[in-house]
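Participant: One structure follows; several queries about it will come next.
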Amino acid sequence: MTIEELLQTPYWIIDILPSQVPAGSPGQYFAVEKYFLEEHLSAIKQKHLNLILKLNCYRDISIDEETEVNPSPARIAGEMMERYLYFMVGDAMILSEPDDTHLTVFHPDEALLELIRTLAAGEGLYVWQPE
């Protein structure tokens, strides 16, 4: 599948929160999100990087639609902090945005999703599907 096709498939969120915050929630989601983006984004991105690198121990990964499989950890880290990246993992894709507190997983099979859940939990992250 192409990136455009994968973007149209069911997806899951790897996030710092355990579920989607409902519209009209009495809390202060936007203020908290802004705080995390301004004060803790580098720590959150490190968790994202850790998850991707650990996943790469179990699965082949390529960046975007490149033919190079399993780029160096240093390359993954450098590019992940600078730009939007599409990590291709078999028939699935993980979108990483440099200025966001979550990753998005498109079209994972059950085995990959379970592995991602386990790795995310080890990083203090949660995996959920938006409503």
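Participant: Can you go through Leu41, Leu7, Leu49 and tell me which one is under 21 Å from Phe106 (Cβ atoms), out of contact with any helix residue (DSSP H, G or I) (no Cβ under 9 Å at 6 or more places or on another chain) and of a type in the set (A, V, I, L, M, F, W, C)?
Facilitator: Unique residue meeting the criteria: Leu7.
Participant: To continue, here is another question. So, in region 65-119, exactly how many residues are in a loop (DSSP other than H, G, I, E, B), aliphatic (A, V, I, L, M) and more than 20 Å from Thr2 (Cα to Cα)?
Facilitator: Residues that pass the stated criteria total 1.
Participant: Every residue in region 75-120 that is under 13 Å from the mean Cα position of the chain (by Cα), over 15 Å from Asp64 (Cβ atoms) and either aromatic (Phe, Trp, Tyr) or exposed (fewer than 13 other Cβ atoms within 10 Å of the Cβ) (or both), please.
Facilitator: Asp99
Participant: Another one. How about region 34-64: which of its residues are of a type in the set (D, E, K, R), in contact with a Gly (Cβ under 9 Å, 6 or more places away or on another chain) and part of a helix (DSSP H, G or I)?
Facilitator: Lys47, Lys54
Participant: Being under 20 Å from Gly122 (Cα atoms), among the β-branched types (Val, Ile, Thr) and in contact (Cβ under 8 Å) with a residue 24 or more places away in the chain is the requirement here; does Ile14 meet it?
Facilitator: So Ile14 passes the test.
Participant: Do we have Ile76 as farther than 22 Å from Pro130 by Cα and either of a type in the set (A, V, I, L, M) or at pLDDT 95 or above (or both) here?
Facilitator: Against the criterion (farther than 22 Å from Pro130 by Cα and either of a type in the set (A, V, I, L, M) or at pLDDT 95 or above (or both)), Ile76 qualifies.
Participant: Any residue in region 6-17 that is assigned to a loop (DSSP other than H, G, I, E, B), over 13 Å from the mean Cα position of the chain (by Cα), at pLDDT below 90 and of a type in the set (A, V, I, L, M)?
Facilitator: Checking region 6-17: at least one residue is assigned to a loop (DSSP other than H, G, I, E, B), over 13 Å from the mean Cα position of the chain (by Cα), at pLDDT below 90 and of a type in the set (A, V, I, L, M).
Participant: Further question: Assess whether Thr118 counts as being of a type outside the set (A, V, I, L, M) and touching a strand residue (DSSP E or B) at 6+ places or on another chain (Cβ under 9 Å).
Facilitator: So Thr118 fails the test.
Participant: So Lys54 ticks every box in (1) surrounded by 15 or more Cβ atoms within 10 Å (Cβ to Cβ); (2) without any contact (Cβ under 8 Å) to a residue 40 or more places away in the chain but one. Which box is left unticked?
Facilitator: (2)
The values are calculated or read from the model by the stated rules, or taken from the named source; none is laboratory data. Worth saying up front: this structure is predicted, and the values here are computed from it rather than measured. Glycine gets a Cβ as well: all are built from the backbone with ideal geometry, and neighbour counts include every protein chain shown.
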